[in-house]
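Take a look at the structure below.
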């Protein structure tokens, strides 16, 4: 009898797979960037997160609407904190010393992502949390609180219906410019709110139910969350923080994704590029041997 140490999670069996020259756009949480980096390091063309890492469905939909509508940012869209100008729609990596510079770098990122989206063969959407922070003054859901005082925000959990509508809004925005673009919907395997894992479960459950209710014919759910929690259900597959997948776990999930979506020839190219990168990283650097 064969000893099976894992409970395997089924991944989609994609009939029309992507070739080695395919372009992939990714949007969402830090795990979307992990998938993007895995593919980029494997030689694929990748366009990633024009607003930086985004965790909730409402903010992801806001990002996609702005991308597809081609709406630029203006200096008035930014606020100053400790000498830097931030946007409620962006990760802090976009902050700059003046509002005009911040708007310029954000608009450039939006423009590049839209160009990529117009030619990509696949869009990967990684949702992470139903917990959102709303500005008390306006009721606007922010993508990032930028370590501003908690008194400015109301924290709440998006319901199943709110998540479902936000995901539908996002996909409608995509369909305006790419009616037939193939989409992958994923739930991030990263645990949130380590001090309240009941909240984490509630948050993930609302999102997961909404993702499975998406009626888009060109959308496929990829079980990154289930592979992490059900197939790799051991703390050795987590980093020291016990929240993020370890390097090994992240690579396992990314490879399962690639095996599901890419042709054998494309997979061989991805692996060859990864192997060359590993060899280069371990190649010793020899100094000048001549005295």
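Taking Cα extents along the principal axes in Å as the quantity of interest, determine which of [x] 58, 45, 32; [y] 59, 49, 35; [z] 63, 60, 41 was computed from the displayed structure. Comparing each candidate, only [z] matches the computed number. Residue exposure proxy: 29, 151, 246, ordered by other Cβ atoms within 10 angstrom of their Cβ from fewest to most, comes out as 151, 246, 29. Using equal-weight Cα scatterers in the Debye expression, the normalised intensity of segment 25-166 in log10 at q = 0.10 Å⁻¹ is -0.34.
Here segment 153-176 is scanned for amide nitrogen atoms under 17 Å from the site 7 Å beyond the Cα of residue 137 along Cα-to-Cβ, giving 153-155.
Cβ crowding within 10 Å ranks 221, 160, 55 as 160, 221, 55, fewest other Cβ atoms first.
Cβ-to-Cβ counts within 10 Å put 66, 34, 71 in ascending order as 71, 66, 34, the fewest first. The slack in the chain from residue 10 to residue 247, taken as 0.36 nm per residue of separation less the alpha-carbon distance, amounts to 83.2 nm. Estimated purely from DSSP H runs of n ≥ 4, each contributing -39500 (n - 2.57), the mean residue ellipticity at 222 nm for the chain is -13000 deg cm²/dmol once divided by its residues. Rounded to the nearest 0.05, the FRET efficiency derived from the C-beta distance between residue 115 and residue 91 at R0 = 35 Å is 0.95.
Structural descriptor for the chain: relative contact order 24 percent, calculated from alpha carbon pairs under 8 angstrom and at least 6 residues apart.
Separation of segment 173-189 from segment 131-165 is 24 Å, based on Cα centroids.
Values quoted throughout were computed directly from the atomic coordinates according to the rules given, and no laboratory measurement underlies them. Everything quoted here is computed from the prediction, not taken from an experiment. All Cβ positions, even for glycine, are placed from backbone atoms using ideal geometry, and neighbour counts span all protein chains on display.
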